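K.L.:
Here it is, the structure in full.
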Amino acid sequence: MRDRAILHSDINCCYAQIECQAHPQLRDKPVVVGGDEEARHGIVLAKNLRAKRYGIRTADTLVEARRKCPNLVVVPPDYRLYLQVARDARRIYYDYTDQVEPFGPDEAWLDVGGSTRCLGLTPTQIAYEISERMKSELGIMVSIGLSWNKVFAKFGSEYKKPDAVTVITPENYRCIVWPAPVRELLYVGAATERKLYSAGILSIGDLAQAGDRYLKKTFGKIGFMLRAFARGEDISEVKPLDPTSWDVSRQIKSYGNGITFPRDITDAHTAKAVCWMLAESVAQRMREGRACCKTVTVGIRSAADLRSRSYQAPLPAPTDITAELASTAWNLMDARYDFCEEEPVRGLSLRASNLVSLDDGLQMNFCDLLPTRRHLRALDVAIDDLRRRFGNNIVMWGPKASDVTAASMDAKCDNVVHPVGFLHR
């Protein structure tokens, strides 16, 4: 196998940096992108470098952030803008390789091992050229890691920030990667870190030398995977981006949407409106993915104890029809929860699973009301076309349109679906 040369490009302080680039008057101020406090999403989603100097961290509440920095500027997220910048960045990446795998809107891996000869550039030169083009063409700074595997390439993009290129080789990784805290390795979270610390495994180098017995007993198979990551033994390929969907090819196992409503839901009328809104979003995305589901799961989050309860039901036939999905979901909710002032609800969710592909054909049931289902699906397809042209709220089903707050929301566009995670293959 040819020598691999993998870059990981990370847009520094992505959302906040894009906002400052789009609005020059913000560039000399501490800025955070924050959720809607009235909709109970009032946390820091991203911060620029000036805000970071005040000790502001991602996921701080906006109240905490303002306490740390009284002159803080808070701007609402503009996901359409961020996704457009991500697309522009990927167009630059495509000038160097067609092996591009997104990892969220702000990050991407690029395999440039096969590009060096035709471009007449070394992998390091490619990294620096991409960095300069991002600044000159988009006004955006990136940090880039270069290594022979994806895990160390990502580590390299985090190693120096902002606006840096870090090269990690088989000769230097023990000096650069192994002394770092174990938390800095991909997929070592807080809970895993605590378990490793309790065993005296503090650094990535410690993890690289951890014993089989401990890893198997404590983590199972995931432990051996993390040790392989620490040793630089990741052999996963960069999965090419599909430009038509701006995502990598993957096997999707479910489609879902959840929402925290701006006010507690205390009546069945509002709950039904939100349920239909979620069903519209999920069904529309299934049709885009040419999938039908055989199982519907709903989630209800109580405002009193913040506990989430879920219920599921099979469908008589695979479907991507909005009305069938919504009616099944609502029947589940209505039968199992008493929506009233005494039992307020903070949020609802809906998930369609047990998927079958339309490309594989569907087994029909003699009991299907086929003409009715065909007409309902044709109606959905026509509505999808109108929404693509004029926005998702140009046509609304009655339950959603009858609630003022729900009618103003767009569950599909307001909930960004990011590309597939590293482990979800």
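K.L.:
Among (1) in contact with a Phe, Trp or Tyr (Cβ under 8 Å, 6 or more places away or on another chain); (2) in a strand (DSSP E or B), which single condition is residue 10 missing?
P.N.:
Condition not satisfied by residue 10: (1).
K.L.:
Also: For residue 366, only one of the following conditions fails: (1) at pLDDT 85 or above; (2) among the aromatic types (Phe, Trp, Tyr); (3) over 31 Å from the mean Cα position of the chain (by Cα). What is its number?
P.N.:
All conditions pass for residue 366, except number (1).
K.L.:
What number of residues within segment 63-108 are open to solvent by less than 70 Å² (accessible area, probe 1.4 Å) and among the charged types (D, E, K, R)?
P.N.:
Here is the first cut: in segment 63-108, the residues open to solvent by less than 70 Å² (accessible area, probe 1.4 Å) are 65, 69, 72-75, 77-79, 81-83, 85-86, 88-90, 92-93, 96-97, 99-108.
Filter once more, keeping what is among the charged types (D, E, K, R): 78, 88, 90, 101, 106-107.
Final tally of qualifying residues: 6.
K.L.:
Which of the residues belonging to segment 70-108 are free of Cβ contacts under 8 Å to residues at least 60 places away in the same chain and over 17 Å from residue 140 (Cβ atoms)?
P.N.:
If the condition is that a residue be free of Cβ contacts under 8 Å to residues at least 60 places away in the same chain and over 17 Å from residue 140 (Cβ atoms), then 70, 71, 72, 73, 74, 76, 97 are the ones that fit.
K.L.:
Right, here's the next one. Could you tell me which residue of segment 138-170 is most open to solvent (accessible area, probe 1.4 Å), considering only residues that are touching an Asp or Glu at 6+ places or on another chain (Cβ under 8 Å) and assigned to a helix (DSSP H, G or I)?
P.N.:
Filtering first and then ranking leaves 158.
K.L.:
Taking the condition part of a loop (DSSP other than H, G, I, E, B) and open to solvent by 40 Å² or more (accessible area, probe 1.4 Å), does residue 338 pass? Spell out how you get there, then give the answer.
P.N.:
Details: part of a loop (DSSP other than H, G, I, E, B): yes; open to solvent by 40 Å² or more (accessible area, probe 1.4 Å): yes.
When the stated conditions are applied, residue 338 passes them.
K.L.:
Can I ask one more? Considering only segment 330-354, how many residues are over 13 Å from residue 268 (Cα atoms), modelled with pLDDT of 90 or more and in contact with a Lys or Arg (Cβ under 7 Å, 6 or more places away or on another chain)?
P.N.:
Residues that pass the stated criteria total 2.
K.L.:
Suppose we filter segment 313-334 for residues that are free of Cβ contacts under 8 Å to residues at least 24 places away in the same chain and surrounded by 15 or more Cβ atoms within 10 Å (Cβ to Cβ); how many remain?
P.N.:
Matching residues across segment 313-334 total 2.
K.L.:
Being within 18 Å of residue 215 (Cβ to Cβ), touching a Leu at 6+ places or on another chain (Cβ under 8 Å) and open to solvent by 20 Å² or more (accessible area, probe 1.4 Å) is the filter; apply it to segment 171-199 and report the residue that is modelled with the lowest pLDDT.
P.N.:
Initially, segment 171-199 is screened for residues within 18 Å of residue 215 (Cβ to Cβ), giving 178, 182-183, 185-189, 191-199.
Still in the running and touching a Leu at 6+ places or on another chain (Cβ under 8 Å): 182, 185, 187-188, 192, 196.
Subset that is open to solvent by 20 Å² or more (accessible area, probe 1.4 Å): 187, 192.
Numbers: 187: 89, 192: 92.
The extreme case among them is 187.
The values are calculated or read from the model by the stated rules, or taken from the named source; none is laboratory data. Note that the structure is predicted; figures quoted are calculated from it, not measured. Note that we place each Cβ from the backbone using ideal geometry, even for glycine, and neighbour counts take in every protein chain shown. Note: accessible area is taken over every heavy atom of the protein model, side chains too, but ligands, DNA and RNA are not part of it. Shrake-Rupley method; radii C 1.70, N 1.55, O 1.52, S 1.80 Å.
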